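Note sheet for the following structure.
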Amino acid sequence: MVVKTECRSGGQHAVQFYGHDEELAGSGPAAVRTFGFSRDAPAAARHFAVVALHRWGIADLADDVALVVTELAANAIRHAQSGFRVILS
């Protein structure tokens, strides 16, 4: 599982890898969504990620991915003061 957020201001981004290298190289499902600069964006991003994992049949990863997505999204809002994009693959 690759969880990535891209900051829309300054082109900065943060990447968190979860899983083994061979899992990351696969061409499995992917989901992308852009979130605006909003106090509610981290919760919306977490919900988006968890729903995607359930849809893909890998809900056992939901707690860990929810934590990572929420933290990275909150960092984009708080520190970069920017909207962001979540890319799950």
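Rolling a 1.4 Å probe over the protein chains gives residue 85 an accessible area of about 80 Å².
Solvent-accessible surface (1.4 Å probe) assigned to residue 89 amounts to roughly 60 Å².
The values are calculated or read from the model by the stated rules, or taken from the named source; none is laboratory data. This structure is a prediction, so every number in the text was calculated from the model and none was measured. Each accessible area value is taken on the protein alone, full model and side chains, heavy atoms only, with ligands, DNA and RNA left out. Shrake-Rupley method; radii C 1.70, N 1.55, O 1.52, S 1.80 Å.
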